[in-house]
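Peer 1: Would you mind keeping the following structure in view while I ask a few things?
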Amino acid sequence: MIEVLKSFIGEDRIWIYGFGVEGRSTFAFLKAWGYPVSVLDQGLSQEVDGVTQFVGKDTFLDILPTLGPQDLVFRSAGISPSKPELQLLINNGARVSSQLELFHMLVDTPVIAVTGTLGKGTTCSFMKHMFESQGVKVEIGGNFGLAMLDLVHQAKNLDWIILELSSFQLMDFKGNFEISILLRTTSEHLDWHLSQEEYLWAKSNLVRNQQEHQHLIYYSDSENCQTMIQSSLAKRLPFGESVSQTGTPSAQRIIF
């Protein structure tokens, strides 16, 4: 793991943009591996223990333009990639990553990732209960449960990891997981996303880069889901009122 981390970070200075739950988790993870970490958060003014450099609301606009190709910025989920301040960093040559990208890079344990507009937490909780009843060691993380990087050190002792992923987390995701579950998807967070189209595009990132050996479980009665799955090469397993249950493989059969 440390070699992967070293290769990814290189000699760049590390910044965390946004210091909420996910940002603090990313900070703790990187500090545990001995990396100096600085923080960007326009909404905070107080110093934080262990932070190499803290850029809060008083100095934010002065420091931001000075970051460039030598800087690696971890975008917390609440910070939109469309935010002008983040676009300034990108235009200046800074490398922008996320907790989800780092998790995807470091963890080999198979993952079931869930997204959609409603029912994500319920679906994750139901699966965890179902798996544990069969003796499968599993944990939930992401937008629900533990922050993803808080799972990294225990991942080797787990059979599966279940991730609940929001559109915020998926905005710039380019990876894939063994099993993706796409629940009914309509529209949400339009005060954060530029449009419904951007919201649906972000959700589609969960399945866009899936490969032929992977699986995609999706709600077939949703027109949006039907459109979103077209970008996935994974084996498709529909569910919904319009799907005949006769002969349809179940998620349980795939996993066990």
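Every number here is computed from the coordinates shown, using simple stated rules; none is lab data. A quick note: this is a predicted structure, and the numbers were derived from the prediction, not measured. Heads up, the Cβs are rebuilt from the backbone with ideal geometry, glycines too, and the neighbour counts pull from every protein chain shown.
Peer 1: Can you give the relative contact order of region 3-78 as a percent, counting alpha carbon pairs under 8 Å and 6+ residues apart?
Peer 2: It rounds to 38 percent for region 3-78.
Peer 1: If the only charges are +1 at each Lys and Arg Cβ and -1 at each Asp and Glu Cβ, what is the size of the charge dipole of region 72-197 around the Cα centre, to the nearest 20 debye?
Peer 2: That gives a dipole near 80 debye.
Peer 1: For region 192-244 and region 49-64, write down the distance between their C-alpha centroids in whole Å.
Peer 2: 39
Peer 1: Compute the longest continuous run of the chain that contains no exposed GluC sites (Glu not before Pro); treat a site as exposed when its DSSP state is not H, G, I, E or B and it has at most 16 other Cβ atoms within 10 Å.
Peer 2: Details: sites that count: 11, 47, 188, 212, 241.
Segment 48-187 is the longest.
Peer 1: Of the labelled options (1) 62, 40, 29; (2) 61, 40, 37; (3) 72, 44, 34, which one gives Cα extents along the principal axes in Å as computed for this structure?
Peer 2: Correct label is (1).
Peer 1: Can you give the net charge of the other residues whose Cβ lies under 15 Å from the Cβ of residue 76, counting K and R as +1 and D and E as -1? Walk me through the numbers before you get to the answer.
Peer 2: Numbers: positive: 24, 75, 83; negative: 22, 41, 85, 101, 150, 172.
Taking every Cβ under 15 Å from that of residue 76, the sum is -3.
Peer 1: Let me ask you something else. Could you count how many Lys pairs in region 1-154 have their Cα atoms under 22 Å apart, skipping same-chain pairs fewer than 8 positions apart?
Peer 2: On the way: 6/31; 57/83; 120/128; 120/137; 128/137.
Total qualifying Lys-Lys pairs in region 1-154 comes to 5.
Peer 1: Do you know the relative contact order of the chain, to the nearest whole percent, from alpha carbon pairs under 8 angstrom that are 6+ apart?
Peer 2: This gives 14 percent for the chain.
Peer 1: Place a +1 charge on the Cβ of each Lys and Arg in the chain and a -1 charge on the Cβ of each Asp and Glu, then give the dipole magnitude about the Cα centre in debye, rounded to the nearest 20.
Peer 2: Details: 19 positive and 28 negative charges, 109 e Å.
Dipole magnitude for the chain comes out near 520 debye.
Peer 1: Provide the per-residue ³J(HN,Hα) series for region 142-147, in order, calculated from phi with Karplus coefficients 6.51, -1.76, 1.60 and θ = phi - 60°, each as a whole number of Hz, with x at glycine and proline positions.
Peer 2: Along region 142-147, the couplings run x, 6, 9, x, 7, 4 Hz.
Peer 1: Shifting gears a bit: Mind checking which of 175, 134, 218 is farthest towards the positive end of region 128-224's charge dipole, using Cβ charges of +1 (Lys, Arg) and -1 (Asp, Glu) about the Cα centre?
Peer 2: Result: 134.
Peer 1: Using only Cα atoms, locate the centre of region 160-180 and the centre of region 85-158, then give the distance between them in Å, rounded to an integer.
Peer 2: Cα centroid to Cα centroid, the span is 6 Å.
Peer 1: Same structure, new question: Kirkwood Rh over Cα pairs of region 1-152 into Stokes-Einstein at 25 °C, 0.890 mPa s: D in µm²/s?
Peer 2: Once the numbers are plugged in, D ends up at 146 µm²/s.
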